[in-house]
Amino acid sequence: LQELQGLSQAMPRAFQKTLEFLQRRKVPLNGVSALTVSYNPRGGVATAGARKFMLMEMPQLKFHNPSVTFAFNSTKTEGAFLSILDGNKKEKILDIANKQHEDILALVEKELPKTA
């Protein structure tokens with residue numbers, strides 16, 4: 001990470017802002033092997049939080065958790081769901097319909113696998 005900070009001095013401002021955005025929030029996804037968000041992109045208000053989560057939170061999660069597989073499933077159903085797969089292949093499915101992107105991130109943090 002310090003290597004990136006040293007490089008940021010020589011980067012154009014747009015790249016610096018992107019790097020600062022990615023580094024802003026660190027949420028370690030310990031024990032998670034995959035995270036999948038599923039929603040209807042044309043789902044209206046019910047999926048607005050999921051869409052914003054994909055735009056605002058997912059890039060930071062990816063940046064700080066390179067070993068986790070991230071995926072998006074476009075559905076034709078109403079509602080939105082987030083699936084967390086732990087290292088033991090145990091899946092936890094969360095209903096994220098009608099939730100704000102910050103609330104979805106808080107729910108993910110709350111539902112992370114418990115480590116000893």
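The values are calculated or read from the model by the stated rules, or taken from the named source; none is laboratory data. If you're wondering where the values come from, they're calculated on a predicted model, not measured in any experiment. Note that we place each Cβ from the backbone using ideal geometry, even for glycine, and neighbour counts take in every protein chain shown. Just so you know, the surface numbers come from the protein's heavy atoms only, side chains and all, with ligands and any DNA or RNA stripped out. Shrake-Rupley method; radii C 1.70, N 1.55, O 1.52, S 1.80 Å.
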remark   = In degrees rounded to 10, the 0-90 angle between helix 101-110 Cα long axis and the longest Cα principal axis of the chain is 80 degrees
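Under a 1.4 Å probe, what is the accessible area of the chain per residue, stated in Å²? Each step should come with its number before you reach the end.
Numbers: 7410 Å² over 116 residues.
Per residue, the chain has an accessible area of 64 Å².
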task = Please work out the Cα center distance from region 82-100 to region 45-75, rounded to the nearest Å.
result = 12 Å
Debye intensity ratio in log₁₀ form over the Cα atoms of region 49-98, taken at each q of 0.15, 0.22, 0.30, 0.31 Å⁻¹ = -0.46, -0.96, -1.30, -1.31
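Roughly how many percent of the accessible protein surface of the chain is carbon and sulfur, given a 1.4 Å probe and a whole-percent answer?
53 percent
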Nearby lysines by direct alpha-carbon distance to Lys92 (threshold 25 angstrom, same-chain neighbours under 8 apart not counted) = Lys26, Lys52, Lys62, Lys76, Lys110, Lys114
task = Give the Cα extents of region 24-81 along the principal axes, in whole Å, largest first.
result = 30, 22, 12
query = Which value in nm describes the separation of the simple spin-label points at Leu55 and Asp103, placed 7 Å from the Cα toward the beta carbon?
reply = 1.8 nm
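Per DSSP H run of n ≥ 4, the term is -39500 (n - 2.57); total these for the chain, divide by its residue number, and report the mean residue ellipticity at 222 nm rounded to 500 deg cm²/dmol. Numbers along the way, then the final one.
Values: 5 runs with 41 residues, N = 116.
Rounded to the nearest 500, the figure is -9500 deg cm²/dmol.
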query = Percent antiparallel among DSSP beta bridges with both residues in the chain, to the nearest 5?
reply = 65 percent
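From the P(r) of the chain, could you give the percentage of C-alpha pairs in the tail past 20 Å? Please list the in-between numbers first.
On the way: 3015 of 6670 pairs.
Result: 45 percent of Cα pairs exceed 20 Å.
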request  = Take every DSSP beta bridge whose two residues both sit in region 37-100, then give the antiparallel share in percent to the nearest 5.
outcome  = 75 percent
